[in-house]
């Protein structure tokens, strides 16, 4: 490779990091919910969509600046997640197939609900002018907003890791994950742990949604575009935080490099084939935890 | 019913009677094909668009503007004194549902014509039904061509009309080098085949051609390739939500619209509103219609549509205008058929189509100016226009075809033959009906 070829290739690697961060922040809420609570949350895409609409609504009706919309959409969607967990999911913890159907139903309800309230025409989130340009450092060129997404993803990963591995709550979560009955017999309120984790996972999806609304579009159906990637990352990663980080990094980079070498459509095809082959040999993903069967 | 001897006897005697006297049981061919117009009764038409799902964004507007057009026609006395009655169904963005609902509308509701679809995929899903029932479909938007059926009328531009002026205009004003980006399905690919011909004629140079999966919102890799290729302009056939992501990321990645504008076949008023006008400003669109077209008919159309209960989205879009025209093409066709037979009860769907060749919508009705239906392939003669998006998201017309451009569904497939009213005539003289 000559130096002329290296620059675009290196640029593809930088872009890969950005794609990875987008897929990771889409998947992180799902990772927590799936890894901890064991619920395959089909409504994850709609939590993302709700986050985008929350930002849109707060911005256009209350005039909240974009950067404040991010934490606000976390809170709002976490509350929605909490309500859904209390009203529906908690009755189904021992019936994994039913949670699958129930959350799918929830996703349809949320999609149609948003359509009834906001209509089906696309909405738009305004961002500060500084986010609408790019930075060039030597060979690499990336938009400021992609850097913002990478930064926020890193923060979210760090905060989640801290919450689950450095706090009392995190220890309780891990205890419940390993053995719910045993943890309960030591006085841990498993019900409450599930409720909190589900709400946090939903909130993180909401946060991701308000970022995606800026990158792409705000529509009632926008979530479906991200939920496939999110599931992919969780399945390849094995349902742990570290696994999701590694899986998102790997798949994001591969997608970018394949797309650079061939084209976008073929890159996706190649990536999915590789994932299927990978899962054939490692069905539990990159970093699967040993856990008691629930 | 139990299979007893008595029942069996009863049934077989019934069957025998049916065979003996077929005229008692079988409807005549005309009735079977749903000739449903009755003197003094409303004219039923089907509106087959998606009101939910991915396609709801454009198709909900199509439904609204059709209802508006029907209201307007009814207010002015209907067609030959008969009001039009729309039967509205939701195709749910699902191609199976399109086909089911088409069947339901034609057979059960006995509509005389269908207005529907926004994508080639859904059109191809319902065409077998429409053709087998000898019904009539008004396809009210742009498509790629390469079809020759005896049961469709299209009021949007074909691929051969769409980019004919746009490519030379861009080459002349911005430079020879171009990069093609499109969504990965049939219409962008066929449109790009046409665009390549215009590009060659204009002396342009194609630097690259990339397709993005439908619905994808990740344009990083494609924009990276465009950055390396350094074209003078981008020719885009990206559609839907992807198109909005494309324009946003174009600006976010530091591309400058003055140095490398996007020339699109789809990015209209609704798209620029959805992405925020600052992302659309400066780019180009080729379409037969823009909301800002400066003529009294259009001003009246925009004003009264936006004031009506159907105008809540706040814009009139080329797709909506083409849909609006289809109602008037239907009106003119039905009037011609009634004139021919002298009796509304004898009019069939197929007859309306057959007399629609040459039907005109004059510029006191058509917001885009005079159009007429081709007598061979039943697509529309129209004047493509080029608009540049302004800071407020509206479009300024910068160029307009001097003459009407003929629709030619097989312009890039001369070996396939010529589409005529009776079917596709191959170069060896063989004629085939209903080619899709």
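Residues being in contact with a helix residue (DSSP H, G or I) (Cβ under 6 Å, 6 or more places away or on another chain) and touching a residue at least 60 places away in the same chain (Cβ under 8 Å): count how many of those fall in segment A:143-155.
The qualifying residues number 5.
May I ask you to say which residue of A:50, A:97 is assigned to a helix (DSSP H, G or I), modelled with pLDDT of 95 or more and either more than 14 Å from chain B (Cβ to nearest Cβ) or touching a helix residue (DSSP H, G or I) at 6+ places or on another chain (Cβ under 8 Å) (or both)?
A:50
Between a residue in segment A:172-197 that is surrounded by fewer than 17 Cβ atoms within 10 Å (Cβ to Cβ) and any residue that is not in a helix (DSSP H, G or I), which pairs come within a Cβ distance under 8 Å, given they are 6 or more apart or on different chains?
A:178/A:291; A:178/A:292; A:179/A:292
Quick one: what pairs do we get from segment A:228-239, first residue without any contact (Cβ under 8 Å) to a residue 12 or more places away in the chain, second surrounded by 21 or more Cβ atoms within 10 Å (Cβ to Cβ) and assigned to a helix (DSSP H, G or I), C-beta under 9 Å, 6+ apart or different chains?
Close Cβ pairs satisfying both conditions: A:228/A:45.
For (1) assigned to a loop (DSSP other than H, G, I, E, B); (2) surrounded by fewer than 21 Cβ atoms within 10 Å (Cβ to Cβ); (3) within 9 Å of chain A (Cβ to nearest Cβ), each residue gets a yes or a no:
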site	(1), (2), (3)
B:248	no, no, yes
B:263	no, no, no
B:270	no, no, yes
B:278	no, yes, yes
B:285	no, no, no
B:303	no, yes, no
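Consider residue A:45 against the criteria (1) within 14 Å of chain B (Cβ to nearest Cβ); (2) within 29 Å of residue A:165 (Cβ to Cβ); (3) over 15 Å from the mean Cα position of the chain (by Cα): it satisfies all of them except one. Which criterion is unmet?
(3)
For segment B:61-90, what are the residues that are touching a strand residue (DSSP E or B) at 6+ places or on another chain (Cβ under 7 Å) and within 14 Å of chain A (Cβ to nearest Cβ)?
Of everything in segment B:61-90, those that are touching a strand residue (DSSP E or B) at 6+ places or on another chain (Cβ under 7 Å) and within 14 Å of chain A (Cβ to nearest Cβ) turn out to be B:62, B:63.
Can you name the number of the only condition in (1) surrounded by fewer than 24 Cβ atoms within 10 Å (Cβ to Cβ); (2) within 13 Å of chain A (Cβ to nearest Cβ); (3) touching a helix residue (DSSP H, G or I) at 6+ places or on another chain (Cβ under 8 Å) that residue B:308 fails?
Status for residue B:308: all satisfied but (2).
Looking at A:202, A:208 in this structure, which one is within 14 Å of chain B (Cβ to nearest Cβ), modelled with pLDDT of 90 or more and within 13 Å of the chain's Cα centre (by Cα)?
The conditions single out A:208.
Across segment A:110-121, which residue is nearest to the chain's Cα centre (by Cα) among those that are within 13 Å of chain B (Cβ to nearest Cβ) and modelled with pLDDT of 85 or more? It would help to see each step written out before you state the result.
To start, the set of residues in segment A:110-121 that are within 13 Å of chain B (Cβ to nearest Cβ) comprises A:111-116, A:118-121.
Subsequent filtering for residues that are modelled with pLDDT of 85 or more retains A:111-116, A:118.
Numbers: A:111: 18, A:112: 22, A:113: 22, A:114: 20, A:115: 22, A:116: 25, A:118: 24 Å.
If we take residues in segment A:110-121 being within 13 Å of chain B (Cβ to nearest Cβ) and modelled with pLDDT of 85 or more, then A:111 is nearest to the chain's Cα centre (by Cα).
Quick one: residue A:187 ticks every box in (1) more than 14 Å from every other protein chain (Cβ to nearest Cβ); (2) under 18 Å from the mean Cα position of the chain (by Cα) bar one, so which box is it?
(2)
Within segment A:130-142, can you find the residues that are free of Cβ contacts under 8 Å to residues at least 12 places away in the same chain and either in contact with a helix residue (DSSP H, G or I) (Cβ under 9 Å, 6 or more places away or on another chain) or more than 9 Å from chain B (Cβ to nearest Cβ) (or both)?
Residues satisfying the conditions are A:133, A:134, A:137, A:138.
Identify, please: which residue in segment B:250-261 is outside any loop (DSSP other than H, G, I, E, B) and in contact with a helix residue (DSSP H, G or I) (Cβ under 6 Å, 6 or more places away or on another chain) and is, among those, farthest from the other protein chains (Cβ to nearest Cβ)?
Filtering first and then ranking leaves B:251.
Only residues that are outside any helix (DSSP H, G or I) and either touching a helix residue (DSSP H, G or I) at 6+ places or on another chain (Cβ under 6 Å) or on the phi > 0 side of the Ramachandran plot (or both): list them for segment B:89-102, please.
Within segment B:89-102, the subset outside any helix (DSSP H, G or I) is B:89-94.
If the condition is that a residue be outside any helix (DSSP H, G or I) and either touching a helix residue (DSSP H, G or I) at 6+ places or on another chain (Cβ under 6 Å) or on the phi > 0 side of the Ramachandran plot (or both), then B:89, B:91, B:92, B:93 are the ones that fit.
From the set of residues in segment B:383-417 that are surrounded by fewer than 17 Cβ atoms within 10 Å (Cβ to Cβ) and under 25 Å from residue B:127 (Cα atoms), which is modelled with the lowest pLDDT?
B:414
Residues of segment B:217-234 being more than 7 Å from chain A (Cβ to nearest Cβ), part of a loop (DSSP other than H, G, I, E, B) and either surrounded by fewer than 24 Cβ atoms within 10 Å (Cβ to Cβ) or out of contact with any helix residue (DSSP H, G or I) (no Cβ under 8 Å at 6 or more places or on another chain) (or both), which ones?
B:230, B:231, B:232
Which residues, counting only those in segment B:168-206, are surrounded by fewer than 22 Cβ atoms within 10 Å (Cβ to Cβ), away from chain A (no Cβ under 14 Å) and in a loop (DSSP other than H, G, I, E, B)?
Residues satisfying the conditions are B:175, B:176, B:202, B:203.
Conditions (1) touching a helix residue (DSSP H, G or I) at 6+ places or on another chain (Cβ under 6 Å); (2) surrounded by 24 or more Cβ atoms within 10 Å (Cβ to Cβ), marked per residue:
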{"position": "B:107", "(1), (2)": "no, no"}
{"position": "B:110", "(1), (2)": "no, no"}
{"position": "B:119", "(1), (2)": "no, yes"}
{"position": "B:123", "(1), (2)": "no, no"}
{"position": "B:126", "(1), (2)": "yes, yes"}
{"position": "B:135", "(1), (2)": "yes, yes"}
{"position": "B:138", "(1), (2)": "yes, yes"}
{"position": "B:145", "(1), (2)": "yes, yes"}
{"position": "B:155", "(1), (2)": "yes, yes"}
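Can you tell which of B:69, B:80 is touching a helix residue (DSSP H, G or I) at 6+ places or on another chain (Cβ under 8 Å), at pLDDT 80 or above and on the phi > 0 side of the Ramachandran plot?
Exactly one residue qualifies, and that residue is B:80.
For residue A:39, all conditions in the list (1) surrounded by 17 or more Cβ atoms within 10 Å (Cβ to Cβ); (2) away from chain B (no Cβ under 14 Å); (3) more than 12 Å from the chain's Cα centre (by Cα); (4) part of a helix (DSSP H, G or I) hold save one; what is the number of the exception?
Here residue A:39 clears every test but (4).
Could you list, in sequence order, all residues of segment B:235-246 that are within 11 Å of chain A (Cβ to nearest Cβ) and either on the phi > 0 side of the Ramachandran plot or part of a strand (DSSP E or B) (or both)?
If the condition is that a residue be within 11 Å of chain A (Cβ to nearest Cβ) and either on the phi > 0 side of the Ramachandran plot or part of a strand (DSSP E or B) (or both), then B:240 is the only one that fits.
The values are calculated or read from the model by the stated rules, or taken from the named source; none is laboratory data. Fair warning: this is a prediction, and the values are worked out from it, not measured in the lab. Virtual Cβ from ideal backbone geometry, glycine too; neighbours counted across all protein chains shown.
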